[in-house]
Amino acid sequence: MTTPTTETTPRVVHGPKRPGTPALEARNLTKHFPVHQFRGRQVVHAVEDISLALPEGTVTAVVGESGSGKSTLARLLTQLITPTSGELLLDGKPVGTSARERRAYTSQVHLVLQDPFSSLNGVHSVRYHLERPLKLHRKPGRGELDALAKSLLERVALSPAENYIDKFPHELSGGQRQRVAIARGLAVQPRVLLADEPVSMLDVSIRLGVLNLLDDLRERERLAILYVTHDIASARYLADTVVVMYAGQVVESGPATQITDSPAHPYTQLLLSAAPDPSRTEPVELRGRGAPPSLVDPPSGCRFHPRCPFAMAVCKETAPPALPAGGDQVAACWLLSPDHAPTTAADATPSATDE
Ligand code: SF4
């Protein structure tokens with residue numbers, strides 16, 4: 001077998017390919033959380049060397065299992081946590097760390113949380129939740145505040161606004177609360193919306209309405225949206241580009257339909273095989289099942305190798321670079337390398353001993 005190359009590979013920027021400067025760009029973001037154990041100091045390798053560009057008017061879905069690092073990535077992008085290394089660029093300019101620069105950044109990049117029940121304060125009305133950020137960030141003149149707050153509700157399709165503006169969170173459905181949470185984010189006129197599992201706690205019947213709202217905001221307000229989800233089917237529905245994360249790393253990215261129609265990485269194939277599909281009549285063969293690895297001591301080489309039915313010797317020794325998989329699709333898998341690609345059908349068949 002050919003020895004894997006050790007040359008430094010060029011930085012791969014994941015996300016929709018659009019001309020011009022992206023609204024938000026992350027370069028080589030890495031986050032290690034220290035953990036103190038009996039035998040000394042160790043780190044959780046939560047996010048490793050991710051470069052991502054979010055152009056305006058696009059939706060990028062970050063997909064992965066629990067513990068893949070996708071929510072940590074969203075929090076790094078909001079500056080809620082500080083990266084171990086790497087940098088953020090807003091409209092092509094490096095983001096500063098002074099209090100004034102951080103406040104300016106917060107008004108441009110807004111995080112929508114998973115739980116609409118806890119993200120709104122139950123003792124305050126919808127009006128309070130919307131007028132507070134308007135006063136802080138936009139300082140409207142007297143008499144303007146009421147009209148601005150109502151227009152925010154209209155923008156998230158809570159119409160007529162008079163029916164909602166003086167209600168309290170407990171008087172709203174889960175979907176309506178999530179719309180109010182999104183409206184509150186729009187109050188600061190952001191360029192980028194980071195939505196962390198925004199529909200996972202909602203009834204299935206109202207999820208589609210919130211996804212359609214995000215789609216509408218991308219189109220109408222030209223927002224750059226990052227949609228974090230464990231549900232690859234909803235990512236295909238909403239996103240321009242899908243970025244698949246496993247154990248803190250990006251393993252595959254590309255146009256949403258291409259990734260879901262022709263996944264190149266065995267982990268993406270596993271995610272798709274586990275996704276609900278009403279048109280499927282055959283039972284699903286869940287190959288490569290198992291638990292995600294410890295991020296304190298992640299597996300050597302390809303981090304997916306202990307679960308991968310196609311794992312080869314090279315996979316255990318050397319981490320694969322992002323390799324082209326057709327068009328704008330890339331996947332970090334040695335199967336795509338001419339040096340390691342299977343040459344026969346038998347080579348491409350998963351080994352029973354790996355199950
Ligand atoms: Fe599987 Fe090897 Fe590809 Fe990793 S690099 S996904 S172990 S075939």
**OP:** Have a look at 204, 251 and point out the one that is without any contact (Cβ under 8 Å) to a residue 12 or more places away in the chain and over 30 Å from residue 103 (Cβ atoms).
**Re:** 204
Subject >> Subset of segment 60-94 (residues that are within 30 Å of residue 275 (Cα to Cα), crowded, with 16+ Cβ neighbours inside 10 Å and not hydrophobic (A, V, I, L, M, F, W, C)) >> reply: 60, 64, 65, 67, 68, 69, 70, 71, 72, 75, 78
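Residues of segment 82-105 being more than 18 Å from the chain's Cα centre (by Cα) and under 21 Å from residue 223 (Cβ atoms), which ones?
Those that are more than 18 Å from the chain's Cα centre (by Cα) and under 21 Å from residue 223 (Cβ atoms): 91, 92, 93, 95, 102, 103, 104, 105.
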Subject >> Condition met for residue 214 (of a type in the set (A, V, I, L, M), in a helix (DSSP H, G or I), surrounded by fewer than 24 Cβ atoms within 10 Å (Cβ to Cβ) and away from the ligand (no atom under 16 Å from the Cβ)) >> reply: yes
**OP:** Could you list all residues from segment 22-41 that are at pLDDT below 95 and either in a loop (DSSP other than H, G, I, E, B) or closer than 15 Å to residue 226 by Cα (or both)?
**Re:** 38, 39
Subject >> Test result for residue 51, at pLDDT 95 or above, surrounded by fewer than 16 Cβ atoms within 10 Å (Cβ to Cβ) and closer than 20 Å to residue 11 by Cβ >> reply: no
**OP:** Provide a single number: the residues in segment 289-318 that are under 15 Å from residue 245 (Cβ atoms) and either more than 10 Å from the ligand (Cβ to nearest atom) or surrounded by fewer than 17 Cβ atoms within 10 Å (Cβ to Cβ) (or both).
**Re:** 4
**OP:** Might you check whether a residue that is of a type in the set (Phe, Trp, Tyr) and out of contact with any strand residue (DSSP E or B) (no Cβ under 7 Å at 6 or more places or on another chain) occurs anywhere in segment 222-233?
**Re:** no
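The values are calculated or read from the model by the stated rules, or taken from the named source; none is laboratory data. This is a predicted model, so every value here is computed, not measured. Heads up, the Cβs are rebuilt from the backbone with ideal geometry, glycines too, and the neighbour counts pull from every protein chain shown.
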